[in-house]
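Below is one structure, written out as structure tokens; comments come after it.
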Number of protein chains: 2
Amino acid sequence: MKTLKIPEATIMRLSVYSRYLSEIDRKGIITISSGDIAEGVGVSPAQVRKDLAYFGEFGIRGVGYNVKDLHRHILKILGLSEGWNLALIGIGNLGLALSTYRGFKDRGFNITCIFDNNPEKVGMVINGIEVLHTDKIEEIIPQRKTQIAAITVPADAAQDVADKLVKAGIKAILNFAPVVLNVPPEIELRNVDLAVNLEVLTFNLGGRMA
Amino acid sequence: MKTLKIPEATIMRLSVYSRYLSEIDRKGIITISSGDIAEGVGVSPAQVRKDLAYFGEFGIRGVGYNVKDLHRHILKILGLSEGWNLALIGIGNLGLALSTYRGFKDRGFNITCIFDNNPEKVGMVINGIEVLHTDKIEEIIPQRKTQIAAITVPADAAQDVADKLVKAGIKAILNFAPVVLNVPPEIELRNVDLAVNLEVLTFNLGGRMA
């Protein structure tokens, strides 16, 4: 499936560049240099040029990049030219936080359905979306043409939820549950461990010198 | 300050390896190969060896790594041999989710104080910790010997909170607010954008082919 091996760090930086370009575009700025992008997001100009070079030549030497074109191109690379439908499974504190996370909508992620297995939560309406029982995953996900699911259930419930999502035809899973999930290789799976981010900080605080 | 340039992706993988080693250690397994680690966490054996090689030789060729030694060594590299005190600023849904996030405690992050500027939240007790007004940041952070803060306030309040944290002597900030913060260069700052993780998925779903 993959034609090029692009480092994940590059993808994550592209995501950051595109937010910055969106800001710059709103300010009415027409062209931008790799140095400006670098300064705006806090990486080196060489890194910006290297990251963009994976996807062909955009800039004009001595002139820079057209902001709108570069922004549109990066969104296309990231698969964000059109929106994605997103299911949320588990409506505890983290699920609630994600359901109101402005950043998702801003980037074209549209929450289409929310599931929980707690009878007290089923039937609640969050941002206009009724919480459904997880038993309905297989029925509702295809109906609502939903390709991506975020799992925020407790660790011991996560594999069962993942199995249901796979049967429902989901294409990608973002897993916040602190457990390793088994899914078929064609499903894109990404684990988010919030403590990892803290550990990058503690490493930088001098952990390695200890 | 930095003697070696270690890629951030390596640090993040070390964090993942150490979780896996902790599991393996609990099962009473004594030695492990780079291949076993690789399979357990879903990266290539060459990547595991390359990541560990940044920090010197641990393994014995043909025998593998001593699980306990390697685990202890990685925790030391990550700065996790001793615990860290953590302050939480902003007790909305995301703050609540973080305050009960098991993964922090498991990894030695101890929440010492919680702040909010909402009078209805000040005085609440969450996991045994009283929520204090953000005006108390400068007083309480040094008292409770807290080095790291997680910011989960709305975007328009984040810079003010960051300024208070800097004055309070904080060493590192994990910022969840969708805004670029200005802090002095000696402060370790890390931004967490939850949408970036979704965009790695959409890229992998074929965005770049679009």
Study note, to complete from the structure: With one decimal in nm and the nearest listed first, the spacings from residue A:66 to its own position in the other copies, using label points 7 Å along Cα-to-Cβ, are 6.3
Review point. Can you list, shortest first and in nm, the gaps between the label point of residue A:118 and those of its counterparts in the other copies, using a point 7 Å from Cα in the C-beta direction?
Key: 1.7
Exercise for review: Give the cross-link partners of residue A:5 among the lysines, using a straight C-alpha distance below 16 Å as the criterion and excluding same-chain residues fewer than 8 apart.
Suggested key: A:50
Practice item. Could you name the aspartates and glutamates whose alpha carbon sits less than 20 Å from that of residue A:105, not counting residues in the same chain fewer than 8 places away? Key: A:23, A:25, A:82, A:130, B:156, B:193, B:199
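Taking the number of other C-beta atoms within 10 Å as the exposure measure, put A:156, A:25 in order starting with the fewest. Don't skip to the answer; put the middle values down first.
Numbers: A:156 9, A:25 16.
With the fewest neighbours first, A:156, A:25 line up as A:156, A:25.
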Revision key, fill the gap. With label points set 7 Å from each Cα along the Cα-to-Cβ direction at residue A:60 and residue A:156, the distance between them in nm comes to 6.4
Review point. Distances from residue A:25 to the same residue in each other copy, label points 7 Å out along Cα→Cβ, in nm, shortest first?
Key: 4.8
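What list do you get for A:121, A:5, A:145 if you sort them by fewest beta carbons within 10 Å? Could you put the intermediate results ahead of the total?
Details: A:121 18, A:5 6, A:145 9.
Least to most surrounded, the residues fall as A:5, A:145, A:121.
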Study note, to complete from the structure: With a Förster distance of 51 angstrom and the Cβ-Cβ distance between residue A:138 and residue B:5, calculated FRET efficiency to the nearest 0.05 equals 0.60
Review point. By Kyte-Doolittle mean hydropathy of at least -0.5 and Cα axial length of at least 18 Å, which whole DSSP H helices of chain B are selected?
Key: B:8-26, B:155-167
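What number comes out for the charge environment of residue A:201, summing +1 per Lys or Arg and -1 per Asp or Glu over other residues with Cβ under 9 Å away? Mind dumping the intermediate values first?
Working: positive: B:171, B:190; negative: A:199, B:188.
Summing Lys/Arg as +1 and Asp/Glu as -1 gives 0.
Normalising by the residue count of region B:31-165, find the relative contact order in percent from Cα pairs under 8 Å and 6+ residues apart. Each step should come with its number before you reach the end.
Details: 174 pairs, mean separation 28.7, N = 135.
Dividing the mean separation by the residue count of region B:31-165 yields 21 percent.
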Revision key, fill the gap. Taking only C-alpha positions in chain B, Rg and Dmax in angstrom work out to 19.7, 62
Check your understanding: What number comes out for the charge environment of residue B:175, summing +1 per Lys or Arg and -1 per Asp or Glu over other residues with Cβ under 10 Å away?
Key -> 0
Review point. What ranking do A:44, B:18 get, fewest neighbouring Cβ atoms within 10 angstrom at the top?
Key: A:44, B:18
Exercise for review: Give me a single rounded figure for B:186-196: the average over its residues of other chain Cβ atoms within 10 Å of their Cβ.
Suggested key: 6
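How high is the relative contact order of region B:91-148? Use alpha-carbon pairs under 8 Å, at least six apart in sequence, and give a whole percent. Write out the running numbers ahead of the final one.
On the way: 51 pairs, mean separation 16.8, N = 58.
Relative contact order, region B:91-148: 29 percent.
Just so you know, all these numbers are worked out from the coordinates, no wet-lab data involved. If you're wondering where the values come from, they're calculated on a predicted model, not measured in any experiment. Here Cβ is always computed from backbone atoms with ideal geometry, including for glycine, and neighbour counts include all displayed protein chains.
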